[in-house]
Amino acid sequence: MTGEELLRAATRRVRGRALLVVLVTAGAAAASLPLPSALAGAVDSAIAGRTNLALVAFVLVLGAAEILAEVAGGILTTSVTSTSTAWLRRLLVDRVLALGLRSRFAEGDVLSRLTGDCTAAGAIVSIVVQLGSSVVISTGAVVLLALMDWRLALVFLGSVPLALLTARAHLRRTADDVLTYQRVSGELSARLLDAVRGLRTIAASGTAEREAGRVLRPLPRLHAAGRGMWRTQARMVWRAALLLPAVELAVLTAAGFGVLAGRLSIGQVLAALGYVTLGMSLVRQIPLLTTLSRARSSAHRIVEVLSEPVPERGGTTVPEGDGVLEFDGIRIPGGSLVAVVGRSGAGKSTLAARLGGLTPDGVRLDGAPAAEVPRALVGYAFERPALIGDTVADAVAFGTWAGRGAVRAACRQAQVHDLVVRLPEGYDTPLAEAPLSGGEAQRLGLARAFVRRPRVLVLDDATASLDTVTESLVDSAIRESGSTRVVVTRRPTTAARADLVLWLENGVVRAAAPHDVLWREPDYRAIFTEGT
């Protein structure tokens, strides 16, 4: 799919309302075009000392019709744009979720595409209708001007080559700058999001200034693209602004000679100026070409994500076994506790995602590819869990068919049941009305993992906010579950309890051994003494 094909698909989604926008816009054009001639007739009648109430009423009706059509068009255009934008965002969100951790697009970049790019591409119907309306109105104005006096039309048409050259130069110069600006904005968003997520680590390591420099490094490129885009816009605006009065002056001069020759009346001179203004509407819409260029480049950026192949995952085969994991020549027996340790950026979360089958990358669970086993066999809990659902019970049961009894049992395992029953409506308390600390949210995330009764349990720093006593109780519950546990941790006590420690450096396993064996290595001890 190309960007143009995506824009056409977005237009087809709203073709009914888009047709209404076209009809209403056509109505506004139909009311605006005869208005100068009607006004000219009313002026000539007044100069001649005649009162033509019918003509005055006609002028008022045309003006009211144009205003009403503009208002209706604005409402319909907003509806069409919002619907198209929502559809594009749904497409993009679905693909991002399908790609999962295999996506090559940074989170900040995806956020930029979801917000700015979908909004810009969703406005395509509005942009095309406005440009089309300007073409119709400009053409109609020239025709009516020619019917009044062909000489005036010739004078006006002399401005057309200048207007076309202005538009052509604007499109050619702005396209690359717009696309560069959007790409660099996405890169900047990605860097900023990474910095915000790692704020505690940055503060602890005293690297705030260096990290600020890294985040802001794309700014010169953003500045250059922005200056180029607005320089082109400014050049186009002042040229278009000079063109309109110059054409009006030329037509007014020609009309003056028409009055002297007896071909035109005073009212027709006013009508001629009105038609010049309408005829120049296309020139006044040249800034809209920047918006069109942005919509096209935004569509291309959306298509980049939509064209990313989705890995196959989530098969239906349930392998026999007790949670044996195998990867990169390492075998983890079923029921083992595995600690994943390493400095910040070593790839701990990435390895945890591999072992749990979120990324189809050579890991086998009980002999089957981990990415192809049913999701119910693997439970996940994260440091900052995203609790989804209307109520607390919904959040714990999310992604399963667990009943209230299973939810309560899982919450008892996660040491959060006593907290939940004290809430105003217990398990039926709306999430938005449940004040949860970081540790309490983590325990609900653990309960969500426990309720699956998984064969493999992946805990990505999921107990980091728990106090020592609560962590010990949760750890006992985890051991009793019999699951194979993969625990990303920063605590040496957790690593010491593990059957096997995977020590990561630069995204690869430097060593796999018990904690007491690895503790002899100074570099390993430094992981816990220097912090992560």
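The values are calculated or read from the model by the stated rules, or taken from the named source; none is laboratory data. What you see is a predicted model; the values in this text were computed from it and never measured. So basically every Cβ, Gly included, is an ideal-geometry build from the backbone, and we count neighbours across all protein chains shown. To get the accessible areas, we keep the full protein, side chains included, count just its heavy atoms, and leave off ligands, DNA and RNA. Shrake-Rupley method; radii C 1.70, N 1.55, O 1.52, S 1.80 Å.
What the table shows:
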{"item": "Residues satisfying the stated conditions in the range 43-56, i.e. loosely packed, with under 12 Cβ neighbours inside 10 Å and touching a helix residue (DSSP H, G or I) at 6+ places or on another chain (Cβ under 8 Å)", "result": "Ile47, Thr51"}
{"item": "Listing of helices (runs of 4 or more DSSP H) fully contained in the range 466-519 that carry 2 or more residues being open to solvent by less than 10 Å² (accessible area, probe 1.4 Å) and over 21 Å from Arg443 (Cα atoms)", "result": "none"}
{"item": "Count - residues of the range 198-230 that are charged (D, E, K, R) and either closer than 22 Å to Ser281 by Cα or modelled with pLDDT under 70 (or both)", "result": "1"}
{"item": "Leu88, sole failed condition from (1) within 20 Å of Ser307 (Cβ to Cβ); (2) open to solvent by 30 Å² or more (accessible area, probe 1.4 Å); (3) part of a helix (DSSP H, G or I)", "result": "(2)"}
{"item": "Val486 under 38 Å from the mean Cα position of the chain (by Cα) and hydrophobic (A, V, I, L, M, F, W, C)", "result": "yes"}
{"item": "Members of the range 428-448 found to be part of a helix (DSSP H, G or I), touching a Leu at 6+ places or on another chain (Cβ under 9 Å) and closer than 13 Å to Asp394 by Cα, listed by number", "result": "Leu431, Leu444, Gly445, Arg448"}
{"item": "Qualifying residues in the range 520-532 (those that are among the hydroxyl-bearing types (Ser, Thr, Tyr) and not in a loop (DSSP other than H, G, I, E, B)) - the one farthest from Val324 (Cα to Cα)", "result": "Thr529"}
{"item": "Residue within the range 324-344 that is more than 18 Å from Leu457 (Cα to Cα) and either modelled with pLDDT under 80 or surrounded by 21 or more Cβ atoms within 10 Å (Cβ to Cβ) (or both) present", "result": "yes"}
{"item": "The lone exception for Leu423 - which of (1) in a loop (DSSP other than H, G, I, E, B); (2) under 23 Å from Val458 (Cβ atoms); (3) among the aliphatic types (A, V, I, L, M) it fails", "result": "(2)"}
{"item": "Single residue of the range 353-368 satisfying the filter (more than 31 Å from the chain's Cα centre (by Cα) and within 15 Å of Asp322 (Cα to Cα)) that is least open to solvent (accessible area, probe 1.4 Å)", "result": "Leu365"}
{"item": "Residues of the range 451-465 satisfying the condition of being open to solvent by 30 Å² or more (accessible area, probe 1.4 Å) and at positive phi", "result": "Arg453"}
{"item": "Residue list for the range 345-355, restricted to those being among the hydrophobic types (A, V, I, L, M, F, W, C) and under 12 Å from Asp461 (Cα atoms)", "result": "Ala352"}
{"item": "The listed residue being within 33 Å of the chain's Cα centre (by Cα) and without any contact (Cβ under 8 Å) to a residue 60 or more places away in the chain, out of Ala441, Ala449, Ala464", "result": "Ala441"}
{"item": "Of all residues making up the range 57-77, the number that are touching a residue at least 12 places away in the same chain (Cβ under 8 Å), open to solvent by 70 Å² or more (accessible area, probe 1.4 Å) and of a type in the set (A, V, I, L, M, F, W, C)", "result": "1"}
{"item": "Pairs, first under 14 Å from Pro454 (Cβ atoms) in the range 398-411, second among the aromatic types (Phe, Trp, Tyr) and open to solvent by less than 40 Å² (accessible area, probe 1.4 Å), C-beta under 6 Å, six or more apart", "result": "Ala410/Phe450"}
{"item": "Positions within the range 358-378 being β-branched (Val, Ile, Thr) and either assigned to a strand (DSSP E or B) or in contact with a helix residue (DSSP H, G or I) (Cβ under 6 Å, 6 or more places away or on another chain) (or both), in sequence order", "result": "Thr359, Val363, Val378"}
{"item": "Some residue of the range 438-446 being polar (S, T, N, Q) and buried (at least 16 other Cβ atoms within 10 Å of the Cβ)", "result": "yes"}
{"item": "Where Glu433 falls short, out of the listed (1) within 31 Å of the chain's Cα centre (by Cα); (2) open to solvent by less than 40 Å² (accessible area, probe 1.4 Å)", "result": "(2)"}
{"item": "Failed item, numbered, when Val318 is tested on (1) open to solvent by 30 Å² or more (accessible area, probe 1.4 Å); (2) closer than 23 Å to Ala441 by Cα; (3) β-branched (Val, Ile, Thr)", "result": "(2)"}
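Let's see how each residue does on (1) at pLDDT 85 or above; (2) over 35 Å from the mean Cα position of the chain (by Cα); (3) not hydrophobic (A, V, I, L, M, F, W, C):
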| position | (1), (2), (3) |
| --- | --- |
| Leu351 | yes, no, no |
| Glu383 | no, no, yes |
| Gly405 | yes, yes, yes |
| Arg422 | yes, yes, yes |
